[in-house]
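Contents: one structure, followed by commentary.
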Amino acid sequence: MSLPSHRSRRLLWFGPVAAVLLFAGMYALGLITPGYSHVRQTVSELGELGSPGQLAFTALLCLVTACLVVFSAAVARSLTDSGHSTLPAYLLVAMAVSTAGVGIFAFPQPLHNIFGMSEIVGYQAPLVAALVCKKDPGARQVKVFSMVMYGVVMLVMAVNFMALVRPVDIWSHIKPVFGIVQRSLFASWFVWCTGYALLLMRMRRSG
């Protein structure tokens, strides 16, 4: 079912809404988790098995998932209307699925980490968003912004991967602030989501 243009433009706001929900929710869950540090600890620890915020964490990530699914539908319609491939929307759906899995399967369940690693697929969305409009002069801002943000996402992801290999000289500096490092990855991707939504809205108005 296709969405009317004015409605799909409004639904693009679900990208920024997902970002606000996620970060506001993480902050709130930190308040109800005794001794929790946003600087040192991972986001998963907010909803780990037996924690005070386990159910709230699951609900939060399911809400974020729903927002991303709506956002992906609006992105698909916007890209179709402007004559571009809808592949970025599928990667947004992939991120939504990963987010739901992380929320439903609480840490330290094995599936929690599997869904967490699967987010790598969704993190490719900025690159694909840039590539599908590379030949469109009217989408130059989308292309440049998406490529810049993809570079940021990949850089922060590389720092996050230090938690897997843990080289002594580097990990000793990252570990005390790993909570911030991990949140930086989420933040960079959701900054792209927000900017992408706003740029697609502008494209639709100008079109």
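The values are calculated or read from the model by the stated rules, or taken from the named source; none is laboratory data. All of these numbers come straight from a predicted model, not from anything done at the bench. Cβ: placed from backbone, ideal geometry, glycine included. Neighbour counts: every protein chain shown.
Return yes when Val177 is β-branched (Val, Ile, Thr) and without any contact (Cβ under 8 Å) to a residue 60 or more places away in the chain and no when it is not. No. Looking across region 163-194 at every residue that is hydrophobic (A, V, I, L, M, F, W, C) and at pLDDT below 90, the one that is farthest from Val142 (Cα to Cα) is identified as Val168.
Does at least one position in region 45-61 carry a residue that is within 19 Å of Ala187 (Cβ to Cβ), crowded, with 17+ Cβ neighbours inside 10 Å and among the polar types (S, T, N, Q)? Checked against the condition, which is being within 19 Å of Ala187 (Cβ to Cβ), crowded, with 17+ Cβ neighbours inside 10 Å and among the polar types (S, T, N, Q), region 45-61 yields no hits at all.
Scanning region 117-170 for residues that are surrounded by fewer than 18 Cβ atoms within 10 Å (Cβ to Cβ) and among the charged types (D, E, K, R) turns up Lys134, Lys135, Asp136, Arg140, Arg166, Asp169. All conditions but one from (1) more than 18 Å from Val43 (Cβ to Cβ); (2) more than 19 Å from the chain's Cα centre (by Cα) apply to Val93; the one that does not is (2). Scanning region 42-57 for residues that are over 20 Å from Gln109 (Cβ atoms) and touching a helix residue (DSSP H, G or I) at 6+ places or on another chain (Cβ under 6 Å) turns up nothing.
Residue check, Ala106 against (1) touching a residue at least 40 places away in the same chain (Cβ under 8 Å); (2) surrounded by 16 or more Cβ atoms within 10 Å (Cβ to Cβ); (3) farther than 21 Å from Gln54 by Cβ, all met but one. Which one? All conditions pass for Ala106, except number (3). The set of residues in region 119-148 that are touching a residue at least 12 places away in the same chain (Cβ under 8 Å) and part of a loop (DSSP other than H, G, I, E, B) comprises Tyr123, Gln124, Cys133, Asp136.
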